[in-house]
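Below: the structure, in structure tokens.
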């Protein structure tokens, strides 16, 4: 029996992370493409198209990458399952906050599965596009991807499929995460889900999960005739934006009759004029919650919205150029995987991350902060020599410059000393089977 050839190495930290999924790919070429696409998604390419990715990773064309998405026999579900298994093991029973959000992307025509004229929340208008319901996790300032479900509009359902609203999809996501072993401390969601009492809120209450959800200003509450509605005084709190800037916000509790486990809050930018365009209403069911905690939850929500925008703008969530949903799902799972790779480099999420050698931190562009975007910035610095060499190789064939031809590989070898996930990968089998 002929032993299969080893996969072509890329950049060490990419190769190390991808080892977690190697057994999911029966073809060596497929596994190589898996690594190449991670390289492309983490790069600073503005458009993560397959031709552009092929160019910067050193391939002659994008045909192999396209085959990987369209015909290679790997499973998007298995990839997600492995990623979530790794995450559950790393968390070791730690409670997390789960944020439910939806995103949509405008798409022309009707050839792409599940595309229809519909309201796209992040665009704020009705467009022809595809929408998904997504779940992200948050723990001590670090965000990480969990899962998603595509929304299938009426009129675009395939044979045997049934229509499900977005709140129903969100409830299914929460149930599945619980089944997988995630300990969910709190769920946050916007008003679409906050107003869905029977399909979403009731599920959280049945699962005994606390929540903080946005609601509309005209949200209805049953109240006996003799009871009154009253508003407590405004309290100021500091809202820290994703870019580090702080803004003053004001919060007050709205009490319907007597205090109940379910509480209602109003948050605004101006406690005197209470402008409608910058005033929000929140419903919580959190034990012994105070206004400061609600303010902190509000900050978490803003941070995670920012985090999801990063996965879209930085990692190419909407850059797929395929029309079949099975291929779109694969693309989205690859983006989720790349997002997870970045999150794993946080020692907050994963304490066994090997420390970064001081030499790397001497780079003028190195970012010492611990946010997700800061981590991505540093990983991109590590990728630069490998990707740059691929772009200039053909010129070096035309104009031989030995200093560059030999210097780049030396620099790449130095970059390969950056391998912060090595302990996680080396001991994964022991970690995985220890509780089996």
- Message: I'd like the residue in the stretch 5-31 that is part of a helix (DSSP H, G or I) and out of contact with any helix residue (DSSP H, G or I) (no Cβ under 8 Å at 6 or more places or on another chain) and, out of all such residues, is nearest to residue 320 (Cα to Cα).
- Response: 28
- Please indicate, with yes or no, whether at least one residue in the stretch 73-91 is more than 23 Å from the chain's Cα centre (by Cα) and over 16 Å from residue 153 (Cα atoms). yes
- Item | Single condition residue 347 does not satisfy, out of (1) assigned to a strand (DSSP E or B); (2) free of Cβ contacts under 8 Å to residues at least 40 places away in the same chain | (1)
- Query: Among (1) crowded, with 18+ Cβ neighbours inside 10 Å; (2) part of a loop (DSSP other than H, G, I, E, B), which single condition is residue 297 missing?
  - Reply: (2)
- Note on the structure: Among the residues of the stretch 157-180, the number that are free of Cβ contacts under 8 Å to residues at least 24 places away in the same chain and surrounded by 15 or more Cβ atoms within 10 Å (Cβ to Cβ) is 2
- Within the stretch 107-151, of all residues that are out of contact with any helix residue (DSSP H, G or I) (no Cβ under 9 Å at 6 or more places or on another chain) and within 30 Å of residue 342 (Cβ to Cβ), the one surrounded by the fewest Cβ atoms within 10 Å (Cβ to Cβ) is 124
- Task: Sort out which residues of the stretch 250-264 are under 34 Å from the mean Cα position of the chain (by Cα) and not in a loop (DSSP other than H, G, I, E, B), and write them in order of number.
- Result: 250, 251, 252, 253, 254, 263, 264
- Task: Test each condition in (1) touching a helix residue (DSSP H, G or I) at 6+ places or on another chain (Cβ under 9 Å); (2) at pLDDT below 95 for residue 164 and report the one that comes out false.
- Result: (2)
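Residue by residue, here is whether (1) touching a helix residue (DSSP H, G or I) at 6+ places or on another chain (Cβ under 9 Å); (2) in a helix (DSSP H, G or I); (3) surrounded by 14 or more Cβ atoms within 10 Å (Cβ to Cβ) holds:
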site	(1), (2), (3)
400	no, no, no
403	no, yes, no
406	no, yes, no
425	yes, yes, yes
- Query: residue 310: surrounded by 18 or more Cβ atoms within 10 Å (Cβ to Cβ) and either assigned by TED's automatic domain parsing to the domain that holds residue 35 or at pLDDT below 80 (or both), yes or no?
  - Reply: yes
- Which ones in the stretch 185-197 are over 16 Å from residue 215 (Cβ atoms) and buried (at least 20 other Cβ atoms within 10 Å of the Cβ)? 186
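The values are calculated or read from the model by the stated rules, or taken from the named source; none is laboratory data. Everything quoted here is computed from the prediction, not taken from an experiment. Backbone-built Cβ (ideal geometry, glycine too); neighbour counts: all protein chains shown.
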